[in-house]
Amino acid sequence: MEELEITVFDEIKDYKEKIYFFNFRQWIFAILIVGLVVPTYLLLKDRIGEEITSYIVIAIAGVLGFIGFVKIHELPAEKILPFWARHYFLFSKPIHYMTDTEFEKLHQKKVKNKVSKVNLKKNKLEIKELKKKQKQEKLLEKAKKKYNVKEELKIVNNKEDELTKKLSNLSQEQQDALLKLLER
């Protein structure tokens, strides 16, 4: 008895109808290859020679064959080529070999630079704060001179100091009694 083999696809997207071992895309590109390669070979072999013509024909067939037949990670060529272009042309960087000690030295330099930058930022912030305080003090001095406030502030401060001394000398019972009187 004959053995029948049934292919079960993981996803319905994986199913492609095949006509004589090729799917529709492969048939189109196979026809394009034959349609371009044969006339190119026949026209160019007498004009530029067979050797150069064969290289041109191989290049044309290779490009069309790659686009029509090759899939990488289940992606067709028109989807894979932009990834390759971006990887090899836009983001390519040379890889340099570095020993562990060189890497540690480089890392230590980077950490020192970061620390020094942080210290510089802190110093700059401290300097800015000091300048702000100095400006405020100057403005206060100008205002005091303009409005003759120096003496009045000293008098008020002296009175407050005297009151706090007197209140601190009172006992807890006396302070509570004073608060009750003030609340009335």
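Is it the case that E104 is of a type in the set (D, E, K, R) and within 30 Å of L44 (Cβ to Cβ)? The answer is no for E104.
Here the condition is being over 20 Å from N23 (Cβ atoms), basic (K, R) and open to solvent by less than 90 Å² (accessible area, probe 1.4 Å); of K93, K45, it holds for K45 alone.
The values are calculated or read from the model by the stated rules, or taken from the named source; none is laboratory data. Values in this document were obtained by computation on a predicted structure and should not be read as measured data. Note that each Cβ is placed from the backbone with ideal geometry, even for glycine, and that neighbours are counted across all protein chains shown. The accessibility values were calculated without ligands, DNA or RNA, using every heavy atom of the protein model including side chains. Shrake-Rupley method; radii C 1.70, N 1.55, O 1.52, S 1.80 Å.
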